Amino acid sequence: MSILDEFNERIAQHRNRDFLKGAMAASALAAQADGKVTLSERYRIDEILARLERLRIYDPHKAVQILDGFFGELRDNPVVAEQVLLSKLRRIAADREAAELIARIALSVSESDGIFSAPERARFAEICAVLDLPPERLLAERRTRE
């Protein structure tokens, strides 16, 4: 890798740092919405990290470290951690494309175990509200893709 390539990669990482943290915050909030993080939810997050172009510029271990830190914060002090993680989503809200992608990530994690429970629906609606998105539209779009 040339110095110029490395420089461009670092710039891309810097520009997308809020997106990475927002994606991991939404994933953590969605996964813990029903009080437990299932193996299928963890697998879905790993799959998202591997497939989503916008996150490929990061070492997946770094993303998992961020995610695990968020899970720990939610476990240790859920009320404060939820507000902190929602604030990470607010940083993304002005970028409509990023906000929609993060909402879709949250929905994908919520549904990964095949059950979209009432607490998961409520958390998804909360994430959408913070991102200033209509959850009904995203849910309807998902149904049309199925």
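The values are calculated or read from the model by the stated rules, or taken from the named source; none is laboratory data. Since the model is a prediction, treat every value here as computed from it, not as a measurement. Here the Cβ positions follow ideal geometry from the backbone for every residue, glycine too, while neighbour counts run over all protein chains shown.
Exactly one of these conditions fails for Y58: (1) in a helix (DSSP H, G or I); (2) more than 19 Å from A122 (Cβ to Cβ); (3) of a type in the set (S, T, Y). Give me its number.
Here Y58 meets the rest and fails (1).
Taking N77 and the conditions (1) of a type in the set (S, T, N, Q); (2) surrounded by fewer than 22 Cβ atoms within 10 Å (Cβ to Cβ); (3) touching a residue at least 60 places away in the same chain (Cβ under 8 Å), which numbered condition does it fall short on, given that it satisfies the others?
Exception for N77: condition (3).
Could you grab me the full set of residues in region 31-45 that are without any contact (Cβ under 8 Å) to a residue 40 or more places away in the chain, outside any loop (DSSP other than H, G, I, E, B) and loosely packed, with under 14 Cβ neighbours inside 10 Å?
Of everything in region 31-45, just one residue is without any contact (Cβ under 8 Å) to a residue 40 or more places away in the chain, outside any loop (DSSP other than H, G, I, E, B) and loosely packed, with under 14 Cβ neighbours inside 10 Å, namely L39.
Restricting the search to region 104-118, which residues are surrounded by 14 or more Cβ atoms within 10 Å (Cβ to Cβ) and assigned to a helix (DSSP H, G or I)?
Matches in region 104-118: R104, I105, A106, L107, S108, V109, S110, E111.
So for region 119-130 (the condition being within 10 Å of A33 (Cα to Cα), part of a helix (DSSP H, G or I), among the basic types (K, R) and in contact (Cβ under 8 Å) with a residue 40 or more places away in the chain), does at least one residue qualify?
yes
Within region 87-118, track down each residue that is more than 18 Å from Q32 (Cβ to Cβ) and of a type outside the set (V, I, T).
Once the filter is applied, which keeps residues that are more than 18 Å from Q32 (Cβ to Cβ) and of a type outside the set (V, I, T), region 87-118 yields R90, R91, A93, A94, D95, R96, E97, A98, A99, E100, L101, R104.
State all residues of region 43-61 that are over 12 Å from the mean Cα position of the chain (by Cα), at pLDDT 85 or above and basic (K, R); if no residue qualifies, say none.
R51, the sole residue that qualifies.
Of L101, L89, which residue is at pLDDT below 95 and in a helix (DSSP H, G or I)?
L101
Loosely packed, with under 14 Cβ neighbours inside 10 Å, of a type outside the set (K, R) and either part of a helix (DSSP H, G or I) or within 15 Å of the chain's Cα centre (by Cα) (or both): is that true of V64 in this structure?
So V64 fails the test.
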